[in-house]
Amino acid sequence: MADQETMPGCLLITGTPGAGKTTVSQLVAERLPRAARVDGDVFGSMLVSGRATMIDEEGRWNPGPEGQRQLRLRMVNLCSVADNFADGGFAPVADTVVETREELRFIAGLLRVRPLMLVVLCPPLEVARQRNATRAPETRVDYDVAPLARNQRRELGDLGWWLDSGEQTPEETADLIVVEAARRAMVPEGALRA
Ligand SMILES: Nc1ncnc2c1ncn2[C@@H]1O[C@H](COP(=O)(O)OP(=O)(O)OP(=O)(O)O)[C@@H](O)[C@H]1O
Ligand SMILES: [Mg+2]
């Protein structure tokens, strides 16, 4: 198991549902001496009432205006908590779906901790689907993740570290991230300027 003294800044692990963000970010945090996993989904499930449906009538991922507002609110909370952990001396390992450049710009604009390191887990879609299918039912998603994967590739394809974990175990992926993220995942200041 790879051990690292510290991880600079904030590590943001994204990818489609089922790509392995939660599994891998937990293992990455376990490999660091002082780290916190900051799970974007938690901030959605904290909404007890008034929560928007992100899935449309055809069963597609399609947050409407209120859904978009709530996704932004998740990001606001994610960034605040990540910064608080960083201020307290814990390396934040954030786990959330980022679909567009605009969303990444929004996150980068809120986060105070630097540098921002982006890892996009991109196993082949079939693998992500298979991983999704083998998860506990309450964590599974029912919609097709292909459009989201396409959007991510188009919007973020030139940023961060696109890591195909399709033939790796979660532990192998986490080891690789701990050792190489600082070199491969850095999002340079200015890369997100409109
Ligand atoms: N190399 C791998 N990396 C990550 N997960 C893997 C790997 N191989 C198998 N898995 C399994 O695939 C599933 C990935 O699910 P996980 O909850 O981590 O995905 P996620 O990206 O967080 O999805 P969501 O966006 O829905 O939260 C887990 O059941 C995990 O054990
Ligand atoms: Mg997850």
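Observations
- Arg135 vs. criteria farther than 27 Å from Phe106 by Cα and crowded, with 17+ Cβ neighbours inside 10 Å: no
- Given (1) within 14 Å of ligand 1 (Cβ to nearest atom); (2) surrounded by 18 or more Cβ atoms within 10 Å (Cβ to Cβ); (3) modelled with pLDDT of 95 or more, index of the condition Trp61 fails: (3)
- Checking Arg154, Arg114 one by one, the residue that is exposed (fewer than 15 other Cβ atoms within 10 Å of the Cβ), closer than 26 Å to Arg183 by Cβ and without any contact (Cβ under 8 Å) to a residue 12 or more places away in the chain is Arg154 and no other.
- Residue match in the stretch 124-136 (condition: within 14 Å of ligand 2 (Cβ to nearest atom) and of a type in the set (D, E, K, R)): yes
- Reported count of residues in the stretch 154-194, each being within 20 Å of Thr6 (Cβ to Cβ), of a type in the set (Gly, Ala, Ser) and within 15 Å of ligand 1 (Cβ to nearest atom), is 1.
- Among the residues listed as Asp95, Asp83, Asp41, the single one being surrounded by 20 or more Cβ atoms within 10 Å (Cβ to Cβ) and either among the polar types (S, T, N, Q) or in contact (Cβ under 8 Å) with a residue 24 or more places away in the chain (or both): Asp95
- Unmet requirement for Leu71, which otherwise passes all of (1) among the hydrophobic types (A, V, I, L, M, F, W, C); (2) surrounded by 20 or more Cβ atoms within 10 Å (Cβ to Cβ); (3) within 19 Å of Trp162 (Cα to Cα): (3)
- Selection count where residues are among the acidic types (Asp, Glu) and closer than 21 Å to Val28 by Cα, scope the stretch 44-93: 2
- Among the residues listed as Thr23, Thr96, Thr100, the single one being within 13 Å of ligand 2 (Cβ to nearest atom) and closer than 20 Å to Leu192 by Cβ: Thr96
- Here Val28 meets each of (1) touching a helix residue (DSSP H, G or I) at 6+ places or on another chain (Cβ under 6 Å); (2) surrounded by fewer than 21 Cβ atoms within 10 Å (Cβ to Cβ); (3) of a type in the set (A, V, I, L, M) with one exception, condition (2).
- Counting only residues that are within 16 Å of ligand 1 (Cβ to nearest atom) and in contact with a Lys or Arg (Cβ under 9 Å, 6 or more places away or on another chain), the stretch 4-15 holds 3 of them.
- Picking from residues in the stretch 20-56 that are of a type in the set (D, E, K, R) and within 17 Å of Asp175 (Cα to Cα), the one that is nearest to ligand 1 (Cβ to nearest atom) is Lys21.
The values are calculated or read from the model by the stated rules, or taken from the named source; none is laboratory data. Everything numeric in this text was worked out from a predicted model, so none of it was measured. Counting neighbours? That spans all protein chains shown, and the Cβs are built from the backbone with ideal geometry, glycine included.
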